[in-house]
Structures are given as structure tokens and as C-alpha cells.
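Trainee: What follows is a single structure, and I will ask about it in a moment.
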Amino acid sequence: MPDDLPFADYQYPAGGVRPPIALVGEAPGADEIRLGKPFVGRAGQLLDRALAATGIAREACLIANVFRYRPPDNKVGHFFASKRKAALEDDALDETLGKMGAEFCRLRYSGEILALAEILRRVNPGVIVALGRTPLWALTGLNGVTALRGQVLAGRLCSIPVIATFHPSFVNRQNSIGPETEATFRADLAMAKSMADRNMQEAS
């Protein structure tokens with residue numbers, strides 16, 4: 001366990017069947033660690049409402065985070081560093097994964113990307129939804145979720161298409177301004193459902 005950080009595993013689809021959708025977030029928070037599964041706090045509640053509104057059964061999906069470890073102070077940046085910072089800390093980077101922003105994933109955490117790739121290939125969902133900038137980078141190698149949300153992107157961990165959207169925590173924050181961001185978030189999930197339904201039918 002890297003740095004003895006708290007751990008919360010993926011939530012696997014009920015019944016062991018092929019999931020129509022895999023929803024991938026960043027890392028667990030305090031509620032996720034307490035209950036041992038992803039997206040059960042305030043962000044998870046918003047996600048559940050959006051899934052219900054778009055006709056997606058959460059229990060049928062794979063729910064995952066790029067990193068299954070809770071970072072200190074809930075700062076996902078803990079898993080990344082610039083070359084300069086890593087050199088000062090005598091820490092190794094995994095440059096093969098490319099940059100997220102201006103930083104690379106620390107080598108001791110890059111196994112989490114490999115674990116995510118393995119589970120995605122094994123359960124073979126119809127489509128993958130990247131919830132925020134960290135999963136967008138992990139799944140596609142790309143940066144810029146605001147520009148790329150709502151688009152169908154090629155995945156780099158497996159051949160399954162990826163649709164990028166906002167992280168539910170961001171949507172929660174934006175709700176204090178107005179409902180537009182949540183409406184966009186739900187539209188992205190509805191797009192993912194349509195693609196998943198089509199892909200699942202073609203495979204049957």
C-alpha cells in the first residue's frame with residue numbers, strides 16, 4: 001500500500017455481468033474510505049441523482065477511481081509531481097504515461113493506472129465515462145476536460161470509447177451559480193447511455 005494511504009476498491013457490477021458503462025473518477029474521499037466504495041459522499045449523491053434521471057442503473061455499472069487510495073487532504077495532486085519537485089524529493093516519476101498538465105505521475109502510484117486498465121479490459125463495458133480531468137488524462141492521455149467534455153474519445157488503456165464530462169464535485173460547486181452545469185453533466189451521461197445501449201446490442 002503506497003505510503004499507507006487509506007484504500008477503497010472499485011464497485012463491481014452486480015451479478016458479475018458485463019456492465020454497460022464504467023464510471024471513472026479521481027480518488028476516494030473520507031466517505032468512500034468509511035464505506036469502502038467509490039462515490040458515496042456528496043459527489044456520489046449528485047451522481048446517483050443524475051444516473052437515475054438518465055435511466056442508468058448504478059448497480060449495473062463499474063464504478064471506479066483512477067487512484068484507489070485517498071490522498072492527504074483530498075488533494076489528487078499528491079499523486080503527481082514536476083521533474084524538479086521529484087528530483088528535490090528524490091522520488092521517481094513514470095514518464096511513460098505522459099504529462100497531466102505540467103506534471104507526471106509518481107512511479108509508486110502508476111500501478112493504479114495499470115490496475116484500472118486490467119479491470120476495464122476484463123469487464124469490457126460498452127462505454128467509459130471519464131468524470132473529470134484526472135480520469136480524462138488516465139484514460140486517454142489528454143488534458144482539458146472543459147474543451148473535450150461531451151466528445152467520444154479513443155481510450156489508451158483499452159479499445160473501449162471514452163466520453164469525458166465534469167467531476168460531480170465540480171457540478172456540485174457550480175450548482176450554487178445555476179443549474180446549467182448539472183444539465184450539461186446529465187446530457188453527457190445520456191449520451192453515454194445511448195452509446196452503451198448501442199454497443200451492447202451490437203455485441204449481443
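Any read-out appearing in this document is the output of simple, stated calculations on the displayed coordinates, not a laboratory observation. Every value quoted in this text rests on a predicted model; they were computed, and no experiment measured them. Cβ coordinates were reconstructed from backbone atoms using ideal geometry, including for glycine residues, and neighbour counts include every protein chain displayed.
Trainee: At 7 Å along the Cα-to-beta-carbon direction for both Ala190 and Glu59, put a label point, then send me their distance in nm to one decimal.
Mentor: 2.6 nm
Trainee: Could you work out how far the C-alpha centroid of segment 106-137 sits from that of segment 60-105, in angstrom?
Mentor: 13 Å
Trainee: Could you compute the FRET efficiency for Ile177 and Leu107, with r as their C-beta to C-beta distance and R0 at 45 Å, rounded to 0.05?
Mentor: 0.70
Trainee: Also, I was wondering about something else. On average, how much area does the Cα convex hull of segment 46-138 cover when viewed from any direction, in nm²?
Mentor: For segment 46-138, averaging the hull's shadow over all directions gives 7.0 nm².
Trainee: Looking only at Cα atoms, what is the convex hull volume of segment 1-50 per residue, in Å³?
Mentor: 102 Å³
Trainee: Please find, in a Gaussian network model of the chain (springs between Cα atoms separated by less than 10 Å), the residue of Val40, Val17, Val171 whose mean-square fluctuation is greatest.
Mentor: Its mean-square fluctuation being the largest, the pick is Val17.
Trainee: In nm, to one decimal, how far is the modelled label at Lys75 from the one at Glu95, with both set 7 Å along Cα→Cβ?
Mentor: Output for this residue pair reads 2.5 nm.
Trainee: On to the next question. Separation between the Thr146 and Ala115 pseudo-spin-labels, each 7 Å from Cα along Cα→Cβ, expressed in nm?
Mentor: So the label points at Thr146 and Ala115 sit 3.2 nm apart.
Trainee: Under DSSP H, which helices of the chain have Cα atoms covering 24 Å or more of the helix axis and a Kyte-Doolittle average no less than -1.0?
Mentor: 180-203
Trainee: Once the Cα gyration tensor of the chain is found, what semi-axes does its equivalent ellipsoid get, as square roots of 5 times the eigenvalues, in whole Å, sorted largest first?
Mentor: Computed over the chain, the values are 26, 19, 17 Å.
Trainee: Over segment 28-120, what is the relative contact order in percent, taking alpha-carbon pairs closer than 8 angstrom and at least six residues apart?
Mentor: Computed value for segment 28-120: 22 percent relative contact order.
Trainee: Kindly count the pairs of lysines across the chain whose alpha carbons are less than 27 Å apart, treating pairs on different chains or eight or more residues apart as eligible.
Mentor: 7
Trainee: When the chain is fully extended, how far beyond the present Cα-Cα distance does Leu35 get from Asp3, taking 0.36 nm per residue of separation?
Mentor: Stretched out fully, the Leu35 to Asp3 stretch lengthens by 9.5 nm.
Trainee: Still on this structure: Among Thr140, Thr181, Thr165, whose mean-square fluctuation peaks in a Gaussian network model of the chain (Cα, cutoff 10 Å)?
Mentor: Looking only at Thr140, Thr181, Thr165, the largest GNM fluctuation is found for Thr181.
Trainee: Hey, got the dipole for the chain? About the Cα centre, +1 on K and R Cβ, -1 on D and E Cβ, debye to the nearest 20?
Mentor: 300 debye
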